[in-house]
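*Asks:* Dropping a structure here in structure tokens format, bear with me for questions.
The values are calculated or read from the model by the stated rules, or taken from the named source; none is laboratory data. Quantities reported herein were computed from a predicted structural model and do not represent experimental measurements. Because the Cβ atoms are built from the backbone with ideal geometry, glycine has one as well, and the counts that use them run over all protein chains shown. With ligands, DNA and RNA removed, areas are computed over all heavy atoms of the protein, side chains included. Shrake-Rupley method; radii C 1.70, N 1.55, O 1.52, S 1.80 Å.
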Amino acid sequence: MTTPPPARDEESGAVRRQPGTRRLTLLLGSYTMLGPFSISTYMPFFPALMAAMGATQAEIQQTLSVYTFAFGFMMLLHGPLADAFGRRAVVLTGLSVYAAASIGGALTTSLVLLMLARTLQGLSVGAGSIVGRAVIRDRLEGAEAQRLLSQVTMIFGLAPAIAPVFGGWLAEWFPWPSVFGFLALFALLQLVATWFYLPETLPPEQRTSVEPAELARTYRTVLGSKPFWLLSLALSGNFAGFFLYVSSAPWFIIEHLGLEQNQFGWLFIPAMSGVIFGSYLSSRVAKRLQRPTTVRWGYGVMFAAVVLNLAYNRFLPPEVPWAVLPVALYTTGMSLAMPSITLLTLDLFPRLRGTAASTQGFLQTMVMTFTSAVLAPLLGASGMKMAIGLTCLALSGYLAWLAYERLLAAPTVQARPEPESVLTPPEP
């Protein structure tokens, strides 16, 4: 079920849109939604789980911690496994494990088993979203790849907005096992759709080895590339600016804006609307602008938001919706730049796209963890401190991008070559 190389127009040489792309967009987009649903839909059930398990809030909170730890750890392995065994096998296995873990979570009767179920969910939930990036670049080139990744990001932007709504509905009408039943059903539907509609985009002759020595060489190749580090830091810095507001939401919403606990939508709905709109813009300009130009425009929008945010918090009192509009503008610029930066990273390693996607995702998760654990508690209660934090994080991302552009302009600097064992074999 191998997908042929992208078809090109005979006169223009442009990549023609392949049949089934819309269906593939929906499928890959659904993979990115599974992670946010696993967190935001689950959290409204904390009180019910405390009563059912006879546990404290801190103990139930640990079920979320083990999930995120497992998710971050396994992110390093999804890509190399996909480079070794093919894209379909890894996604199908991940969804199967996730569905089984969700069913196990619905049937559990103890805190230990609940933690085990959440750990298995964390280990498997990222397979589709990580491997999906490699599938996009395997299947499409240039503007079409950017367009598809932008559309997938648009779908991802819906998840944080609707997941708490689903969780609230389930918590109001059904007992706590219903959330695991919902997640299992979602994964099973994805599993069936994957079986029928996800193409295998990595031919057997192009696959790599997962032997420890070979895997170590593969990671050295990726981590030894300066362009990879700079692009990953740019992407991580950009997203961390937004994640600072996400992880500080309880302080920002309740203490700074003076809203109620049920009014978190004042932050999340505008912010995720910006994600969707920025991804839409990225899709629309894919054929008109080169990727570096799109990224520069994205930074222009982000820094306009940064200046507006600083000025608002310096001179005006905190009020909605004005206090959150700069965040929506920031996420617009962030999402405008994100698909181009991601594809530029994957293009550094044409034969190691899965590993590159995994490693970039892991680094982004570590930056998000630092933002949540350190920056959010320090800055969350003050609008001005949050604005300064956003400025610093956006600036760090931009400096990394600027260093990448200068590195790219140096004719003697190239990405570190891939190991011979993973290079394309010569034509006979």
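*Asks:* Write down the Kirkwood hydrodynamic radius of the range 107-156, to one decimal in angstroms, obtained as one divided by the mean of 1/r over all alpha carbon pairs.
*Replies:* 13.1
*Asks:* Report the label-to-label distance for residue 373 and residue 385 in nanometres (one decimal), using points 7 Å from each Cα along the Cα→Cβ vector.
*Replies:* Modelled inter-label distance: 1.9 nm.
*Asks:* When Rg is the radius of gyration of the Cα atoms in the range 253-323 and Rh is its Kirkwood radius, what does Rg/Rh come to?
*Replies:* Rg/Rh for the range 253-323 comes to 1.09.
*Asks:* With a Cα-only, solvent-free Debye model of the range 312-406, what are the log10 I(q)/I(0) values at q = 0.15 Å⁻¹?
*Replies:* The computed values of log10 I(q)/I(0) come out as -0.76.
*Asks:* Amide H neighbours of residue 200 under 5 Å, counting only residues 5+ apart in sequence or on other chains, H built in-plane at 1.01 Å?
*Replies:* Hits under the 5 Å cutoff: 3.
*Asks:* Sticking with this one: Let's see if you can work this out: charge +1 on each Lys and Arg Cβ, -1 on each Asp and Glu Cβ, no other charges. What is the dipole magnitude of the chain about its Cα centre, in debye to the nearest 20?
*Replies:* 620
*Asks:* Using a Förster radius of 30 Å, what is the FRET efficiency between residue 260 and residue 395 based on their Cβ-Cβ separation? Nearest 0.05, please.
*Replies:* Once rounded, the FRET efficiency stands at 0.35.
*Asks:* Ordering 336, 191 by how much accessible area each has at a 1.4 Å probe, largest first, what is the list?
*Replies:* Most to least solvent-accessible, the answer reads 191, 336.
*Asks:* Please state, to two decimals, what the Cα-based radius of gyration of the range 228-377 comes to when divided by 2.2 N^0.38 Å (N = residues).
*Replies:* 1.10
*Asks:* I need the Debye-formula profile for the range 153-243: one equal scatterer per C-alpha, no solvent, reported as log10 I(q)/I(0) at q = 0.19, 0.20 1/Å, two decimals.
*Replies:* At q = 0.19, 0.20 Å⁻¹ the computed log10 ratios are -1.05, -1.05.
*Asks:* Okay, next question. How high is the relative contact order of the chain, in percent, with contacts defined as C-alpha pairs under 8 Å that are six or more residues apart?
*Replies:* That works out to 24 percent.
*Asks:* Helix by helix, which DSSP H runs in the chain go 15 Å or more along their axis at the Cα atoms and have an average Kyte-Doolittle hydropathy of 1.6 or more?
*Replies:* 111-125, 177-197
*Asks:* Which residues does the label zone of residue 405 cover in the range 315-339, counting backbone N under 20 Å from a point 7 Å along Cα→Cβ?
*Replies:* Correct set: 330-339.
*Asks:* A follow-up question, please. Can you compute the equivalent ellipsoid semi-axes for the range 84-210, i.e. the square root of 5 times each eigenvalue of the Cα gyration tensor, sorted largest first and rounded to whole Å?
*Replies:* For the range 84-210, the ellipsoid semi-axes come out as 30, 19, 11 Å.
*Asks:* What is the percent of Cα-Cα separations in the chain that go past 32 Å?
*Replies:* Every Cα pair in the chain considered, those over 32 Å come to 37 percent.
*Asks:* Anyone know which of 159, 106, 51 comes out most mobile in the 10 Å Cα GNM of the chain?
*Replies:* Comparing 159, 106, 51 in the GNM, the peak value goes to 51.
*Asks:* Same structure, new question: Which order do you get for 83, 138 if you rank them by accessible area with a 1.4 Å probe, largest at the top?
*Replies:* Largest to smallest exposure gives the sequence 138, 83.
*Asks:* Could you pull out every residue, at least 5 positions away or on a different chain, whose amide H is within less than 5 Å of the one on residue 208? Hs are placed 1.01 Å off N in the peptide plane, and Pro or chain starts have none.
*Replies:* 84
*Asks:* Compute the separation of the alpha-carbon centres of the range 104-121 and the range 294-350 and state it in Å as a whole number.
*Replies:* About 38 Å separates the Cα centre of the range 104-121 from the one of the range 294-350.
*Asks:* With runs of 4+ DSSP H residues as the only contributors, calculate the mean residue ellipticity of the chain at 222 nm using -39,500 (n - 2.57) per run, divided by the residue total and rounded to the nearest 500.
*Replies:* It lands at -24500 deg cm²/dmol.
*Asks:* While we're here: So who's got an amide H within less than 5 Å of the one on residue 259, skipping anything under 5 residues away but keeping other chains? H placed 1.01 Å off N, in plane.
*Replies:* Correct list: 254.
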